Amino acid sequence: MKTTNQRKQKIIRKLLGTLSFTSALFVFQACYGMPRDTGIDVQIRGTVKSAKTNLPIEGIKVYVSNHEQYVFSDGSGNFVLYTEKADSYLVKFEDIDADNNGAFATKDTTIKNVYNSIEVALDTK
Amino acid sequence: MNYFESGRRSFHNYFRLNETRFHELNYLFWECTRRCNLNCLHCGSDCSKTAAQKDMPLDDFLKSIEPLRSYYAKDSITVAITGGEPLLRGDLDLCGKELRKRGFRWGIVTNGFAYDEAMHGKLAGAGMGSLTLSIDGLEESHNWLRNHKNSYSNAIGALQLIKKSKRINYDVVTCVNKRNITELNDIKKYFVDNDVKAWRLFTISPIGRASNNPELQLDAAQFKYLMEFISSSRKEKKIDVKFSCESFVGPYEKKVRDGYFFCRAGINIASVLIDGSISACPNIDRSFVQGNIYTDDLFQIWNQKFTEMRDRTWTKTGMCSNCKEYKWCQGGGLHFWQGNREEIVKCDCVNLSAR
């Protein structure tokens with residue numbers, strides 16, 4: 001929660017940074033650290049279930065087509081994936097652990113609204 | 001120094017004062033492991049493959065940062081996961097995911113040795129937004145410093161993956177030493193040819209394992225050459241190259257970096273070390289430890305302690321006591337001060353004025 005004092009100090013910061021031509025310092029980097037993360041991404045979350053049994057499936061690889069990021073669904077079939085912001089997302093669900101946790105067919109689904117959790121049912125192979 | 005430059009520096013001093021008074025925590029190091037898969041000659045942490053200290057459990061760290069959530073806005077703090085080598089933690093993606101869930105951004109500092117395609121996708125999927133990769137020269141000199149024959153090829157493999165990512169804000173760092181200083185132009189050419197966007201150059205501080213190896217420290221002429229190299233490379237604008245914020249560099253201030261020197265240790269930067277110690281940057285002397293997450297509240301320690309980082313008048317001693325540059329430098333980087341606080345370990349400004 002920002003106090004009036006904090007707001008005042010932020011204004012002074014911007015003013016002094018501009019006057020010293022060091023406004024770049026607002027987004028600093030520790031000398032032995034990595035750059036700060038100021039990028040924009042979105043969170044896609046949901047649950048993977050078996051279409052046949054309606055039970056959650058663990059170990060399904062979830063990723064957005066043509067993007068590097070991926071996650072696996074957990075023991076409750078839940079997943080949370082961070083990816084770059086876009087207008088829509090072609091999310092792929094792929095069973096890559098052979099017969100562990102059952103064998104399921106790959107499925108794609110396109111989503112536009114990332115604010116809602118998605119539920120996906122996979123058919124057995 | 002002309003009046004204009006002097007005025008800019010004075011405003012920067014007021015800026016620094018305001019930042020110090022405000023001391024908003026923006027950057028939190030987490031030394032999550034002391035294990036490392038390399039045995040680098042210059043390691044400031046003196047890490048090893050089998051560290052005596054166990055990795056810090058994720059839950060312990062999460063519990064310690066919980067109070068920060070009430071005081072700082074979502075995504076305003078970046079957690080720098082460091083080590084040791086953070087990629088050795090099997091639960092690194094889980095660590096990242098839990099941090100994002102709690103409103104913290106995160107990134108890693110890595111040697112890239114264990115960074116393959118699977119690791120890249122997994123960490124990116126867990127919301128990693130930034131990364132620093134070490135490449136310390138051309139193949140032979142990198143492998144010498146990193147003490148492993150495959151370290152260069154693995155780091156280059158990591159670079160190829162990272163630079164393609166649209167999401168990850170990254171840079172490459174090079175520790176400049178007596179062996180690789182003659183290669184700087186070739187390294188730059190490689191990075192420019194490979195579309196690397198940001199390159200940060202360090203010198204090696206005489207701390208940790210590096211303190212006993214004279215081949216790692218630049219002499220005065222080499223340091224001046226490094227400043228000239230960075231300054232002229234910045235004018236070319238082929239790559240965003242800069243000197244790290246490790247020290248004040250007198251006449252090269254603003255020529256080798258985007259801004260003036262400002263050591264933010266304890267002002268905007270804190271760290272949680274492997275044993276739970278709360279400090280500023282992890283590479284500063286352990287005598288600067290301010291508390292411990294297992295006995296203290298991190299937010300209270302941040303707000304009520306860290307006084308010797310926020311009032312650095314104690315650094316006006318030894319060679320700093322009569323230095324004309326002190327008002328701009330204010331004792332340099334905190335990592336150049338050891339337990340007795342009697343003398344700065346190294347002064348680059350003195351290096352630059354040596355003939």
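A few notes on this one:
- Considering each residue of the stretch B:74-84 in turn, none proves to be surrounded by fewer than 20 Cβ atoms within 10 Å (Cβ to Cβ) and more than 22 Å from residue A:36 (Cα to Cα).
- From the options B:348, B:296, B:285, B:311, residue that is charged (D, E, K, R) and surrounded by 19 or more Cβ atoms within 10 Å (Cβ to Cβ): B:348
- All helices (runs of 4 or more DSSP H) inside the stretch B:296-342 with 3 or more residues being closer than 24 Å to residue B:66 by Cα and polar (S, T, N, Q): B:298-304
- Residue within the stretch A:59-74 that is more than 10 Å from chain B (Cβ to nearest Cβ), more than 25 Å from residue B:166 (Cβ to Cβ), surrounded by 14 or more Cβ atoms within 10 Å (Cβ to Cβ) and touching a residue at least 40 places away in the same chain (Cβ under 8 Å) present: yes
- Residue that is in a strand (DSSP E or B) and of a type in the set (Val, Ile, Thr), where the choices are B:174, B:182: B:174
- From the options B:165, B:134, B:151, residue that is touching a strand residue (DSSP E or B) at 6+ places or on another chain (Cβ under 6 Å) and among the small types (Gly, Ala, Ser): B:134
- Qualifying residues in the stretch B:188-209 (those that are within 13 Å of chain A (Cβ to nearest Cβ) and at pLDDT below 95) - the one nearest to residue B:167 (Cα to Cα): B:197
- Test set (1) out of contact with any helix residue (DSSP H, G or I) (no Cβ under 8 Å at 6 or more places or on another chain); (2) assigned to a loop (DSSP other than H, G, I, E, B) - residue B:281 fails condition number: (1)
- When residues of the stretch A:31-55 are limited to those that are basic (Lys, Arg) and touching an Asp or Glu at 6+ places or on another chain (Cβ under 9 Å), the one farthest from the other protein chains (Cβ to nearest Cβ): A:52
- Unmet requirement for residue A:52, which otherwise passes all of (1) more than 23 Å from residue B:95 (Cα to Cα); (2) without any contact (Cβ under 8 Å) to a residue 60 or more places away in the chain: (2)
- All conditions but one from (1) crowded, with 19+ Cβ neighbours inside 10 Å; (2) of a type in the set (A, V, I, L, M, F, W, C); (3) modelled with pLDDT of 95 or more apply to residue B:40; the one that does not is (3).
- Flag for residue B:345 being farther than 25 Å from residue B:21 by Cβ and of a type in the set (A, V, I, L, M, F, W, C): yes
- Qualifying residues in the stretch B:240-269 (those that are assigned to a strand (DSSP E or B) and more than 10 Å from every other protein chain (Cβ to nearest Cβ)) - the one farthest from residue B:347 (Cα to Cα): B:240
- Which listed residue is closer than 26 Å to residue A:15 by Cα and buried (at least 20 other Cβ atoms within 10 Å of the Cβ), from B:99, B:28, B:87, B:17: B:28
- Out of B:296, B:275, B:285, one residue alone is touching a residue at least 24 places away in the same chain (Cβ under 8 Å), farther than 25 Å from residue B:175 by Cβ and not aliphatic (A, V, I, L, M). It is B:275.
- Note on the stretch B:109-124: among residues that are buried (at least 24 other Cβ atoms within 10 Å of the Cβ) and in contact with a Phe, Trp or Tyr (Cβ under 9 Å, 6 or more places away or on another chain), the one that is farthest from the other protein chains (Cβ to nearest Cβ) is B:123.
- Checked against the criterion of being outside any helix (DSSP H, G or I), within 22 Å of residue A:32 (Cα to Cα), over 18 Å from the mean Cα position of the chain (by Cα) and not small (Gly, Ala, Ser), the candidates B:61, B:113 yield just one match: B:113.
- Among residues of the stretch A:87-120, those that are assigned to a loop (DSSP other than H, G, I, E, B) and either in contact (Cβ under 8 Å) with a residue 24 or more places away in the chain or more than 24 Å from residue B:166 (Cα to Cα) (or both), counted: 16
- Residues located in the stretch B:230-270, provided they are among the polar types (S, T, N, Q), more than 30 Å from residue B:303 (Cβ to Cβ) and touching a strand residue (DSSP E or B) at 6+ places or on another chain (Cβ under 7 Å): B:233
The values are calculated or read from the model by the stated rules, or taken from the named source; none is laboratory data. This structure is a prediction, so every number in the text was calculated from the model and none was measured. Neighbour counts are summed over all protein chains in view; Cβ atoms, including those assigned to glycine, are modelled from backbone coordinates with ideal geometry.
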